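Taking it in order: structure first as structure tokens, then the write-up.
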Amino acid sequence: MYLNPVRHITFDAHDPLAQARFWAEVTGYTVEEEPGDDDVVIEPPRPGVPGLLFIRVGEGKTAKNRVHLDIQPTGARDAEVERLLGLGATVHEDHRRPDGGGWVTMLDPEGNEFCVERSPAERELMTG
């Protein structure tokens, strides 16, 4: 059986380079930039993981994403939310619970939704 691996996850963008730089900071991926290009790729640090491709489009975002990324930080979820706010993300919906569970739905600078989950260590504390 032959598997067709996912090469890129693609985002429409007004400013592909700005979006690529934001997401490179979020993920630790490397920007493969060509200033002025209508598409910019960020590549993961290890093989076999899809890159993110940002393609220039003229139209704006009009509805909720049908697909989004779930970010699982290596450190504390709440610290990651604060870091992402500093990069230009905004909180869209806060689903954190008093017991430490839950997640935060955020928006990137162009309004695409993504979620920030608890780290593996935080999950272990709740189940351990």
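Looking across R97, R118, one residue alone is exposed (fewer than 15 other Cβ atoms within 10 Å of the Cβ) and either under 13 Å from W23 (Cα atoms) or basic (K, R) (or both). It is R97. Scanning region 60-94 for residues that are at pLDDT below 95 and among the charged types (D, E, K, R), we see that the one that is surrounded by the most Cβ atoms within 10 Å (Cβ to Cβ) is K61. The conditions of being more than 22 Å from R123 (Cβ to Cβ) and free of Cβ contacts under 8 Å to residues at least 60 places away in the same chain are met by D12.
Among the residues of region 40-57, the ones that are free of Cβ contacts under 8 Å to residues at least 12 places away in the same chain and exposed (fewer than 11 other Cβ atoms within 10 Å of the Cβ) come to 2 in all.
When you scan region 77-128, how many residues do you find that are β-branched (V, I, T) and either over 23 Å from H14 (Cα atoms) or part of a loop (DSSP other than H, G, I, E, B) (or both)? Result for region 77-128: 4.
The values are calculated or read from the model by the stated rules, or taken from the named source; none is laboratory data. Here the structure is a predicted model, which means the values were calculated and not measured. Cβ atoms come from the backbone with ideal geometry, glycine included; neighbour counts cover every protein chain shown.
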